[in-house]
């Protein structure tokens, strides 16, 4: 569904419910329009099931012509999605519990599980990256096992380290930068999700699939050292 947002933007809604299929169309549509290099398009903002496009009205064609052109790309994109559902699969090493996961015990107690059960349920799920936002490199993930869902902390922390893995309600996420936060912290990854010094500063992108792999303290320290030197590459596959 196409909805005008004033005279400088259009929002396309691909579904009335959240799904990986609708989100895949959003991502592919974003890439298609980006490759088309439409001179009048100034910015695009992909969401869970929407794509908002900002344009320069003085350069754009008449509204009906613009909608017709975008609808053609939507139809082509939907057809391609059915043929190709491969996506990048990234595996992040995680040190769970202890000083790196100070809320693991609380999450376990809230759900009447052992810490080991929380780790297993959290790390055996394949997550879908629906969109990026909140902070540079922060992924909005879907697919967490709801048996480990836990409310946010009543009092947020003033400082949460980048790489911290948390749970808030039925969502899990990884802090990409140091920031305040109220998520329940259960672990930490030594891999940088956002590195402003890198030629590709953001590791994840919408449409990726993400897994968490438990590691030991020694493995964590080795990966952290390699990551700080810029020589560590996380596992990335095309599946």
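We did not get these values from a lab; they are worked out from the coordinates using the rules stated. It should be emphasised that the depicted structure is a prediction, and the values quoted were computed from it without experimental measurement. For neighbour counting, all protein chains shown are included, and Cβ atoms are generated from backbone atoms with ideal geometry for every residue, glycine included.
Annotations for the structure displayed:
- Length-normalised contact order for the stretch 2-83 - Cα pairs under 8 Å, 6+ apart - percent: 32
- Neighbour-count order for 107, 118, 74, fewest beta carbons within 10 angstrom listed first: 74, 107, 118
- Note on residue 152 and residue 73: with the Förster distance fixed at 41 Å, the Cβ-Cβ geometry gives a FRET efficiency of about 0.60.
- Kirkwood-based Rg to Rh ratio, the stretch 2-83, C-alpha trace: 0.95
- For the chain, adding -39500 (n - 2.57) for each run of n ≥ 4 DSSP H residues and dividing by the number of residues yields -9000 deg cm²/dmol at 222 nm.
- Paramagnetic reach from residue 40 in the stretch 4-28 [backbone N under 19 Å; point 7 Å along Cα→Cβ]: 4-13
- On the basis of the beta-carbon distance and an R0 of 22 Å, residue 135 and residue 52 show a calculated FRET efficiency of 0.65.
- Sequence-separation-based contact order of the stretch 1-137, relative, with Cα cut under 8 Å and 6+ spacing, percent: 21
- For the peptides 16-28, 190-202, the ranking by mean Cβ contacts within 10 Å, running from highest to lowest, is 16-28, 190-202.
- Overall dimensions of the chain, expressed as equivalent-ellipsoid semi-axes from the Cα gyration tensor (√(5λ), whole Å, largest first), are 37, 19, 17.
- Percent RCO, i.e. relative contact order, over the stretch 88-238, from Cα pairs under 8 Å lying at least 6 residues apart: 34
- Rounded to the nearest 10 degrees, the inclination of helix 217-228 to the longest alpha-carbon principal axis of the chain is 40 degrees.
- Computed from the C-beta positions of residue 120 and residue 17, the FRET efficiency with R₀ = 22 Å rounds to 0.15.
- Length gained when the stretch residue 88-residue 216 is fully extended (0.36 nm per residue, less Cα-Cα span): 43.5 nm
- Here each label is just a point 7 Å from Cα along the line to Cβ, and for residue 106 and residue 7 those points are 5.1 nm apart.
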